[in-house]
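Chemist: I'd like to ask some things about the structure below.
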Amino acid sequence: SMKKILFRKLLLDCLKFFFISLLSASIIVWVFQAVNFLDIMIEDGRDYLVYVNYSLLNFPKIFSKLLPFILFFSLFYITLKYENNNELIIFWNFGVNKIKLVNFIFITSIFLMIIQIIFTAFLVPKSQDKARSFLRTSNINFLGNFIKPQRFNDTITGVTIYAEKKDKEGNLYNLYLKKEIENVQITYAKKGQFKELNNIPILVLYDGQTITEQNNEITIFNFSKSDFLLKNFKSNTTLYKKTQELSTINLFRCIFFLNSQKKSEKNNLNSSIENCSKNNFTNIIKEIYKRIFIPIYIPLLMLIPLILITSSKENINYSKLKLVTFSVGLIFIIFSETTIRLISEQIAFNYIIASVPIILLMLTYLIFYRKFNFR
């Protein structure tokens, strides 16, 4: 029927504008972030491939972060465009009740909310964890890059390297190396250069002295040439999983574990889940709220632009209505993000915050229902 064709056209126009805008905005933000991630490679002397993978795996996070705002903006823009081109009049002339349009947008928004939950609860944590695992498992390859002259370089765990100057060939002069693994070892050298021997990075040192302290005994060793192997050293990058990298299932498992611990008064048990501790309890609840409850604001953000259909462009106050509609949407976007800070260990208060988007959504729908059904 004609009504179905009209609804399909509206949906396609909205989705087309939404996807193009979301992709464009995500790429712009991603490019800016990718430039920042260059530091990872330069500072830590990592492989290009690690950098590319790490950057690309941050794309889903950007995508899901921008989605609510772009969704609201797209629907606001398309509704305005339809009103300005007199396309909404076609809807009303074909007997489309305004509440039917509200219902159509509402049902569509539920689907988009589910997609956003899939993103925030599953895809984003997975991609964040994968990105971090690239850093965890990658070796420091560009060794020559991470040594900055006149700076204490501690990119490698347990090793501090200082060099006074560095020439264009990459030779280092007046080096100081401190190694704290099993014992403390300090090495001074007049010159040093990075070489690879059977794919093993080596720092070759010339004209120097190594002082080793072990069991309160000090030994001094002079050398004209010495090889400092860097094969078994790891980077100082965070190795444990951050809360945002844990899977949603593990977050829930952790909460059940911590709650059962509270009831049984046993505090000596340790969870098998990384980062699952009493100290991290609030962060875990915040993470669950961020992944599952903030996307509930999406149906609300999709209903807000429909305030525009309560009046027509001929109305003297229509430009005011546009401003009010956009402002309300913007306030809800900011509000939804700031509620994370209100999440605490008080469970009852958390339930209130979590129910806010549902209450606001019901109220908004009720206002539309009353306005469009009692005419």
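Chemist: Please tell me the relative contact order of the chain in percent, rounded to the nearest whole number, where contacts are Cα pairs under 8 Å and at least six residues apart.
Modeler: It rounds to 16 percent for the chain.
Chemist: Next question. Probe radius 1.4 Å, ligands and nucleic acids left out: which of 2, 113, 362 has the largest accessible area, and how do the rest follow?
Modeler: These residues rank, largest area first, as 362, 2, 113.
Chemist: Per DSSP H run of n ≥ 4, the term is -39500 (n - 2.57); total these for the chain, divide by its residue number, and report the mean residue ellipticity at 222 nm rounded to 500 deg cm²/dmol.
Modeler: Counting only the DSSP helices, I get -18000 deg cm²/dmol.
Chemist: A further question on this structure: Excluding residues on the same chain fewer than 8 positions from residue 179, give the lysines whose Cα lies under 22 Å from its Cα.
Modeler: Hits, sequence-local ones excluded: 148, 165, 166, 190, 191, 195, 225, 231, 234.
Chemist: For the chain, which cysteines have no second Cys with its Cβ under 4.7 Å from theirs?
Modeler: 14
Chemist: Oh, and also: Can you tell me the relative contact order of region 279-340? Whole percent, Cα pairs under 8 Å, sequence separation 6 or more.
Modeler: Normalised by residue count, the contact order of region 279-340 is 45 percent.
Chemist: Follow-up question, since we're still on this one. Among rounded, prolate and oblate, which fits region 329-375 when a ≥ b ≥ c are the square roots of the eigenvalues of its C-alpha gyration tensor, a/c under 1.5 means rounded, and a/b larger than b/c means prolate?
Modeler: oblate
Chemist: Then there is this: With r defined as the distance between the Cβ atoms of residue 197 and residue 148 and R0 fixed at 22 Å, what FRET efficiency is calculated, to the nearest 0.05?
Modeler: 0.35
Chemist: Starting from the Cα of residue 271, step 7 Å along the direction of its Cβ; do the same at residue 358; then give the gap between the two resulting points in nm.
Modeler: The two pseudo-label positions are separated by 2.3 nm.
Chemist: If you don't mind, another one. Among (i) 1.13; (ii) 1.15; (iii) 1.02, which one is Rg/Rh (Cα atoms, Kirkwood Rh) computed from these coordinates?
Modeler: (ii)
Chemist: How much solvent-accessible surface does residue 4 expose, in Å² to the nearest 10, with a 1.4 Å probe and all protein chains in place?
Modeler: Probe radius 1.4 Å; accessible area of residue 4 about 130 Å².
The values are calculated or read from the model by the stated rules, or taken from the named source; none is laboratory data. Remember, predicted model here, so these are calculated numbers, not experimental data. All Cβ positions, even for glycine, are placed from backbone atoms using ideal geometry, and neighbour counts span all protein chains on display. Areas reflect the complete protein model, heavy atoms only, side chains present, ligands, DNA and RNA absent. Shrake-Rupley method; radii C 1.70, N 1.55, O 1.52, S 1.80 Å.
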